[in-house]
Each structure stands twice: as C-alpha cells, then as structure tokens.
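Have a look at the structure below, then the notes.
Every number here is computed from the coordinates shown, using simple stated rules; none is lab data. Computed from a prediction, not measured in an experiment: that's the story for all the values here. Note that we place each Cβ from the backbone using ideal geometry, even for glycine, and neighbour counts take in every protein chain shown.
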Amino acid sequence: MKMAKRIVSLMLALVMVLAMAACGKGKTLGGESVDNEGNTVITFAGWGSLAEKKIFTSMIDEFEKTHPGVKVNYQHIPGSQEDYLVKLTSLLAANKMPDVFYIHSDEFYSWVDAGRLENLTPYMQASEVAANTTVWEKSLNIFRYDSATHQVGVESGDLYGLPKDLGPWAMVYNKTLFEANGIPLPDPEVPMTWSEFVEVCKKLTSGKGVNKVFGTANYTLESAVWSNGADFLNKDHTQVTVDTPEFAEAMQWVADLALVHGVSPTAAEDSASGWFTRWCNGKVGMAWMGPWDQATFWDSVSFEWDIMPTPVSDKTGKGVTWLASAALCVSKDSKQKQLAYELAEFLSMNVEAQKYNYEAGQAVPNIVDMAKNDYLAMDKAPANKQVFLNIIEDAEKGQFKPTYYTKNTTWFTYFYSESSKVWNGDMTAAEFVKEIQPKMQERLDEGK
Amino acid sequence: MKKKGTASKLRRSERRAGLAFIAPIFLQFTVFFLFFMGYSLYMSMTDWNILEGTENFIGLENFKKVLEDPLFWKSLGNTIYLMIGIPVGMILAMLLALALNRKMRGKTIYRVIVYLPAVTSTVAIALLWRWIFNAEYGILNMIIQQITGKPGPNWLGDPAMVKITLILLGVWRGLGNTMLLFLAGLQNVPKEYYEVVDVAGGNAWHKLRYVTLPMMSPTYFYVIITGVIGGLQAFGDQFIITGLGPEHSAMTVVYYLYQKGFTEYNMGAACAVAWLLSLFIMAVTLIQFKMSKRWVYDGSH
C-alpha cells in the first residue's frame, strides 16, 4: 500500500510540472499595483550578471527620481538566459507577467507572434525623448514585426521592443602575445584572409598539454559560413540550406583549425576548459567577444588586447559576424503601459543611463552620437572600438543570427548537438551536412 | 446476527475517526494531484502552446508525433542506459552497509559522510562534479595521470564517456541513501538464523550467503523499485552538467519533455511525453511487482 502510494505520488510529481503551469490559467490577478505609501508600482524582470544587476539598479534609481510616486520592482532572475525564459514562461502561465521585461532577439519572434508584446510604435511617436534621440537603425529593426505578414526584422513592421543594447560579436586578439612572438599586429581596417589567419595562428601556437597556447579558439561557425557565401536558411527562412558545398567548406575549415592545423582546442580540449577561460588566462591568440565582456577583460586579464576586423574567406573576400540584442518589452497585459514604456525608453535611450552603461563596460551605447563620439574617445580597451561600430552599421559585416528568424529554434540546437561528429573528426563536414539537412528541415517545418 | 445499536455505534465512530485521518491526504490528493492529472491528460490531447494560448483538441496527434520522433527513442534509450548505475550502486552500498554494520570506532562518522551527498543540493553537487570531471584541470584526471602516467578520459566531452560520467555521479549520490536502507535491513535479520548456521557448523560466508543476503530481498525490492522510478525521471544532472551532451548523448526523457514544454512552448506535447513516461513507469513497476513473488522473501514460509 505504502509502495503503491509512493509510486502514484512519484508519478504525480512528474505531472506537477504541467500542473504548476496550469495553476495560473484563468483569471487575471493583476490590477493597478499600489504599495503602502501610495506609490504606483511597476515590475521589471531581467537576467544578467551581478555587475549588470548593479548597473540596472542604479539606472532604475535614476528613473524613480525623474518619476516621483513611481516605484520599480526589479526582479533580477539569476542564472542563464534559459533559466530566465523558464521563469518568464511560468510567470506568463500564472498571469503574473512583469510590466517590462527582457526578451532576447533569439526569442523575440515567438513572443511577438504569440501576441504577448505591446506595440510600442504609438508610444514612441508620442514621445519627445524618442523624437530627439537617434539610435542604431539595426537595433530598432531587429525588434520590428509585421503583423500582416508575420515577419520579423522588416522595416515595414511596428516596433515591439526597445534595444537594451546591440551586441556585435567581434574578433579580439591578445596584443601582448602577438608582440612576444614578433608578429605584426592585425590591421584595424584591413581584415586578414582565412589563409593569412591560419598562418598567424600557427605562429602563435606553442607548447603542449595544459600549457598549450592556441592561435585561436571557438571560431564562430556563423561567421565562417556567412563569410564563405553560405547560410543556414534560405531568404524567406523556410528551407534549411546547410547542404551546400560553401557551407560544408566553411564548416570543415573551422573543424580543421583543430583537427589539421592544431591551432585551436579540439572538442575534447574545449570541453575540458572552455575557450573563455583559456583566453582570460592568456592562452589564446585570437578569440571572439561582445561588448558585454569589456568589463571582465578590464578587471581580470593581465595582458593587453584589442579587436580586429572579421577575417574574410579567401573565396569571397567577405567577413561577416553576428549581432544579437535583447529587447526591453512591455507586456500586452500590463495595466500601466505608458509608464512601462517610459521605463523601457529610459533604460534604452536616456543619456545618463546609456553613459553609465558604456562606462561600466557593458555595451556599446544605443545612441549613435554618443557611440561615435564619447564611446570612441573613451581611453579604455579596445582601442579599435570602430570595429564594433562597423559590425553594427554595415549590413555586409553584421547579421542577425539564423535563429532570430524562426519561431522554433530546435532545428538549430539539434544541429549544434549533432555537429560534434565533425568537430571530433568522426565525419567530414560534407557528409555531415548531407545527413543532417533533412532532419533539420523536419524540425523547422514542425515549428511553424 | 449483528444488531444495529451500541456495538455498531463504536464501529461508526471508529469509521468516522478513520475517515478524518485520511481526509487531509485525500483532500491533498484530489485538490493538488487528481485534478491536474486529469487536466494534463486532457491537455496532452490538445495543441496547447503556452505562449500562444492555443488549446484545440487534436486527439492522439501529440502521442503519435512523439512516438515517431527518433529523438524521443534516443532519449528513452539513454535513460535506460543510465540505469546501469542501479545494480552497481546496490552492490557498493551493500558492501558499505556490511562494513558499517560491524562494531567499530567512528561508525557514526562514516555513516554521516556516506549519507551526506543524499542531503546536499543537486545543483551544488553537479557544479562540484563538473570540476572534478574536468578533463584537463579536474582532480580525477590528475589522479589518473599520476597513477597511470597517461591522460585520463574526456569525461564530459566524449559521447561515449558522458553516460559513464553520469552513471558514476548517480551511483555516488545514491550510495548513502541505499546504504542506509541496507543497514536497516541488516539489523532486521533475526539473530536466531545465524545461530542455526553456527549449530550446523557453517562459517561467516555461509551466514552471508544463506541468511543475510536472502533475508534482505524486500530491501532490494524497494531499492530497485524506487531506483527505477527515479532513474526514469533523470534530469537534474544532465541539465546542469552536460546539457544535451555531444550528439544528444545525455538527453533523457524528462530532458526531452523539458525541451518540448519550455523551449518549444509546446505544453500539449510535453503533457503527452509525461503521460507516456508515467505509463511506462507504471508498467515497469507492475511487472516488477509480479516478478517479485518469485524472489522476494516475505516471511510467509
């Protein structure tokens, strides 16, 4: 009897996950929230490091000063982006959506297409702050959505999120290591070709085992693929196009950095110690970074570093990398949409808030003038900050990730998990992409 | 024969007390479990997308799709593979229990140490072991390098090793709990039986082989049942330490469920997976109960 009960309860524990989600369906719990002192309360949820939490807390303090009688309840959700999303989904199911919350560009499509986000265009048109502020065009376009065609990233669309920041993924090099090896520093404007890149990597690579110094690490596959003139999906994002010779060639080139040239950690070495740790320990010549890494690098690396243009494929002469962003979105169910918009706008566009954010090494400013003047003039690394701005401004240099354009991202995670066959040399890229394409396509179709 | 009256009055009040005693658990069960079980069964037959709020009845479509997905079968295969840890853990726990059942100094301290992992948070353990298993800097491979002179395996990066790593971790974590159950079992073996062996001229090995081990069969049964149920629901270690693992080598059924529900927002399919898993667990458990009649000693003969 005891056993039977145990079995049943264990079984039920499993169903609990679903039950919890079901709990909140039904009535709306919200209403206009007012605290004991009569202040209007709006809630704001986001993820991020403790450093980011500190910055946002200060920015929110500033917002409260400009809005007497308003209190912002900042729910910082610790852990990864994935954890955050689970939490946000639970809040949604419980009808307890925060008024303002982050949505990563990879998730934007699902959320906007499900009608969970408020259209911010009317608020923006009525806003004086917005009228007087110029932010990066791409940083707004990434959060546009056309409800008639169900497409994201189109200029005809309305705005459903304000950029928290726009993150260009740029190649970074260890200046000290270059100088120690007598290698000329990468040109701030003229990119290396892939073959030049491999040669430089070979010169940078030395040592063995735990102390091995690698020329590069974690070469971004998206960059190699795009630079080689290939892509993951076709133009209207309905067909998986990984089974092209250009794609296979780019993927093989990345794999060979480790397998043939030995200038990048192998899959085994990488799982032992991630590229980020290796880089921070000065054991990698060239890697990748986003502006959010600046603060960490200022504080905890003991070498000099700078960023460089994305290496270009010998065949195409193009060097492309990805851009990602998180939006500050307003919930469709918010009871205080105007106020929520103002908070989002403040965090996205307020001069002081933006200044604070870039000075803390978290981001490139959203405000174009500030980025092009104050940020470029800042005397902290990287020196070639223009590289970041080029990726943002030039459509040939920076693209949104393939997962941004699809609602369901499992077609990509599937590819990613299976791709270790290529990274560890069990399969050639050409064989792999032939095998994986139909399976990816199946998952992509299912997600519609 | 029985009269209605004073005698049955006592009966009735006893029954009332009995009902009162089971009322709380019964209420908890109906309010918190039964309703939601029914709800999730219904939802498993809808296209419930938590983000879009759709909720259309689609019959058994979810079940069909899940059963046709090779990834589901792969994750079920992985889950079953990981249960190799159950017999391994039982043997080790038995050895430990036998060792700690003797009179010795510091017995309590050892018991506490072995039991500690069972009461430590999954996340803390997982984070700790991620470092221990680190192929380059991990203490495990340092020891292997010292002893064998060769670098140790890539515990977390090699698709073939990932499962072994997870099994090792599971065995270590479960050891304390299983050991405790075995200890309790050992102490329940009647002393008279050992005396019989003495009288018959048997030695310590005979005592172990013919008294201790057979008398413990109800405990094995309990450990196996709970172990299998727990094993089929494996998720935490995978989620924190390995993720999906290279080539989905660490994807378990619950991980599959998680992916359906929380990254695809397809709660309908997630409910279907939950029900498939529940039915599977129920079937496996029933089979074990049926088979138990053959080998579990219940004191009736």
*Sum -39500 (n - 2.57) across every DSSP H segment of at least 4 residues in the protein assembly as shown, then divide by the residue count to get the 222 nm mean residue ellipticity, nearest 500.*
-16000 deg cm²/dmol
_Mean Cβ neighbour count within 10 Å, used as a protection proxy, ranking B:26-37, A:98-109 highest first_ = A:98-109, B:26-37
*Kirkwood-type radius of chain B, with distances r between different C-alpha atoms, in Å*: 23.2 Å
*Measure nothing fancy, just the Cα-based angle from helix A:2-23's long axis to the longest principal axis of chain A, in degrees from 0 to 90, nearest 10.*
80 degrees
*Sketch the reach of a paramagnetic label on A:Thr244 as a point 7 Å from Cα along Cα-to-Cβ, and name the residues of region A:303-324 whose backbone nitrogen lies under 16 Å away.*
A:313-321
*Can you list which of the chymotrypsin sites (Phe, Trp or Tyr not before Pro) found in region B:44-149 are DSSP loop residues with at most 13 other C-beta atoms within 10 Å?*
B:Tyr137
*Who wins for biggest fluctuation among A:Thr410, A:Thr121, A:Thr66 in a Gaussian network model of chain A, springs between alpha carbons below 10 Å?*
A:Thr66
_Taking every pair of distinct Cα atoms and averaging 1/r, then inverting, what Kirkwood hydrodynamic radius in Å comes out for region B:6-62?_
14.4 Å
*Cα-projected label distance for A:Thr66 with A:Glu82, points at 7 Å along beta-carbon direction, nm*: 3.7 nm
*asked:* Multiplying the sequence separation of A:Asp379 and A:Val129 by 0.36 nm and subtracting their Cα-Cα distance, what value in nm do you get?
replied: 87.1 nm
*Degrees, to the nearest 10: A:337-349 long Cα axis against longest axis of chain A*: 30 degrees
*Which longest uninterrupted range of chain B lacks any trypsin sites (Lys or Arg not before Pro) assigned by DSSP to a loop state (not H, G, I, E or B) and surrounded by at most 14 other Cβ atoms within 10 Å?*
B:106-301
*Which of the helices in chain B, when you take each full DSSP H run, stretch at least 30 Å along the axis at their Cα atoms and have an average Kyte-Doolittle score of 1.0 or higher?*
B:159-187, B:267-295
*Within the protein assembly as shown, what percent of beta bridges assigned by DSSP are antiparallel, to the nearest 5?*
65 percent
*Taking only Cα atoms, what is the 0 to 90° angle, nearest 10, from helix A:50-66's long axis to the longest principal axis of chain A?*
40 degrees
*asked:* Amide H of B:Thr46 versus every other amide H placed in the peptide plane: which residues, excluding those fewer than 5 positions away on the same chain, fall under 5 Å?
replied: B:Ile58
*Going down the list A:Lys53/A:Lys380; A:Lys71/B:Lys260; A:Lys315/A:Lys434; A:Lys337/A:Lys439, which pairs span over 31 Å between their C-alpha atoms?*
A:Lys71/B:Lys260; A:Lys337/A:Lys439
*For region A:280-336, which chymotrypsin sites (Phe, Trp or Tyr not before Pro) are in a loop by DSSP, counting at most 11 other Cβ atoms within 10 Å?*
none
*Looking at chain A, send over the antiparallel percent of its DSSP beta bridges, to the nearest 5.*
65 percent
*For A:Val351 and A:Glu442, compute 0.36 nm times the residue count separating them, minus their Cα-Cα distance, and round to one decimal in nm.*
28.1 nm
_If R₀ is 22 angstrom, what is the calculated FRET efficiency for the pair B:Phe57 and A:Ser147, using the beta carbon separation as r and rounding to 0.05?_
0.25
*Can you work out the FRET efficiency for the pair A:Glu304 and A:Asn234, with r the C-beta to C-beta distance and R0 = 51 Å, to the nearest 0.05?*
0.75
_Efficiency of FRET from Cβ geometry, A:Tyr416 and A:Lys318, R₀ 30 Å, rounded to 0.05_ = 0.80
*Tell me, what are the semi-axes, in whole angstrom and largest first, of the equivalent ellipsoid of the protein assembly as shown as set by the roots of 5 times the Cα gyration tensor eigenvalues?*
52, 36, 24
